[in-house]
Amino acid sequence: NNAQDKPFNILLLPGDGIGPEIIEQARLLLIQLSDQENVSMQLSAADVGGAAYDKVGQPLPDDTLEKAKQADAILLGAVGGPKWEPLDISVRPEKALLGLRSQLELFANLRPAQLFPQLAEASSLKNERVADLDLLIIRELTGGIYFGQPRGVEGEAGQRVGRNTYIYHEDEIRRIAHVAFKAAQKRNNMLCSVDKANVLEVTELWREVVTDVARDYPDVRLTHMYVDNAAMQLVRDPKQFDVMVTGNMFGDILSDIAAMLTGSIGMLPSASLDANGKGMYEPVHGSAPDIAGQNKANPLATFLSVAMMLRYSFDREDLAAQIEQAVAAVLSQGFRTKDIAANGAINGDEKLVSTSEMGQL
Ligand code: ATP
Ligand code: MG
């Protein structure tokens, strides 16, 4: 097996705020995994975000970008914080994320919304509608209305006009569709494509191309839904979905709806992939400056991001499942960081733990 012979070349980018604390726990997890499972890994690290700005005056140093290009996969903590908010937008920590995404052509953003049944009380819809929720939203990340030309604000007939253009090329739709069908095959062979094909010609093309790509995946059941209905259905009955695929703007909105359904920001991982399975993995939450340096942050979103890395970049479903089962087990035993505490441990017996204690469980 090829995947097992070649060392996994993983770049760690701790970043800012709680980033270094949670990435340190992930590093220990990776080392433990390579010892136990005899997986060969090559770990390296680099500066990114505000931490990099403080050292060299830019959030994405050339050296970091070079290492990112060499790596098979990247694990990012978080970037940003109040310290860097006064900076010019061109050197803000968040710029590093946009730089990495565009330079590495990470066009496919995978956002699972998973609610461990042990945390069902935490959700914003405290009931059986979301207990056990496990869906995956795939958002096209490098095209659509956020990048279409022309754009800008112009003066016209006595008033200003703001303009953005919603553009998708056939090949951009095709490549995100392939990612989505493959992800569906790794799960339950169900895919819902979300568009607004009744009104927008660009999404009529989206629907046509996705339908065409479906012929390569006869085992996957494809359905289509208009985005307004999808938003409503996500809130009404989210468990009807397994994998959803959509464009950049609709995906931005739908993935935030799905995240809020779970109500546990410290638990949500994400992945951004290129065409060859190389990826950048990061928790959905931010740098949480309010609790940084206090050993309070929940490292589980980062651990679940490591699981996604093993699944999508290294094709090691076995190791991914092992991590996910370990996360479920510590929750079942009642262990909680502060953010997910008081959500009703199954036996009413919660044990409050720190970042590093959670990491060692
Ligand atoms: P961004 O602007 O980067 O999207 P944000 O500043 O809006 O993020 P976060 O940094 O995610 O939001 O923090 C929001 C709240 O959630 C804060 O109160 C923070 O302490 C809490 N939080 C975020 N991540 C975690 C975590 N891993 N563990 C515990 N609490 C967290
Ligand atoms: Mg923030």
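What follows draws every value from the coordinates through simple rules; no lab data is involved. Every value quoted in this text rests on a predicted model; they were computed, and no experiment measured them. FYI the Cβ positions are ideal-geometry reconstructions off the backbone, even for glycines, and counts take in every protein chain you see.
Among the residues of the range 248-267, the ones that are in contact with a Ser or Thr (Cβ under 7 Å, 6 or more places away or on another chain) and either closer than 15 Å to SER193 by Cβ or not in a helix (DSSP H, G or I) (or both) come to 2 in all. Which residues, counting only those in the range 259-274, are over 15 Å from ARG311 (Cα atoms) and either within 11 Å of ligand 1 (Cβ to nearest atom) or surrounded by fewer than 24 Cβ atoms within 10 Å (Cβ to Cβ) (or both)? Of everything in the range 259-274, those that are over 15 Å from ARG311 (Cα atoms) and either within 11 Å of ligand 1 (Cβ to nearest atom) or surrounded by fewer than 24 Cβ atoms within 10 Å (Cβ to Cβ) (or both) turn out to be ALA259, MET260, LEU261, GLY263, SER264, ILE265, GLY266, MET267, LEU268.
Scanning the range 298-325 for residues that are over 19 Å from PRO20 (Cα atoms) and either within 16 Å of ligand 2 (Cβ to nearest atom) or small (Gly, Ala, Ser) (or both) yields SER313, ALA320, ALA321.
When the range 80-95 is filtered for residues that are surrounded by 10 or more Cβ atoms within 10 Å (Cβ to Cβ) and either within 10 Å of ligand 2 (Cβ to nearest atom) or in a loop (DSSP other than H, G, I, E, B) (or both), the ones remaining, listed by number, are GLY80, GLY81, PRO82, GLU85, LEU87, ARG92, PRO93, GLU94.
Quickly run through the range 275-285 and pick out the residues that are crowded, with 18+ Cβ neighbours inside 10 Å and either without any contact (Cβ under 8 Å) to a residue 12 or more places away in the chain or part of a loop (DSSP other than H, G, I, E, B) (or both).
LYS278, VAL284, HIS285
Only one of the numbered conditions (1) among the aliphatic types (A, V, I, L, M); (2) over 19 Å from the mean Cα position of the chain (by Cα); (3) not in a helix (DSSP H, G or I) is violated by ILE31, and that is (3). If the condition is being closer than 30 Å to ALA307 by Cβ and more than 20 Å from the chain's Cα centre (by Cα), then the range 148-189 contributes ARG174, ASN189. Filtering ASP290, ASP252, ASP318, ASP256 for residues that are within 16 Å of ligand 1 (Cβ to nearest atom), over 17 Å from VAL179 (Cα atoms) and touching a helix residue (DSSP H, G or I) at 6+ places or on another chain (Cβ under 9 Å) leaves a single hit, ASP252.
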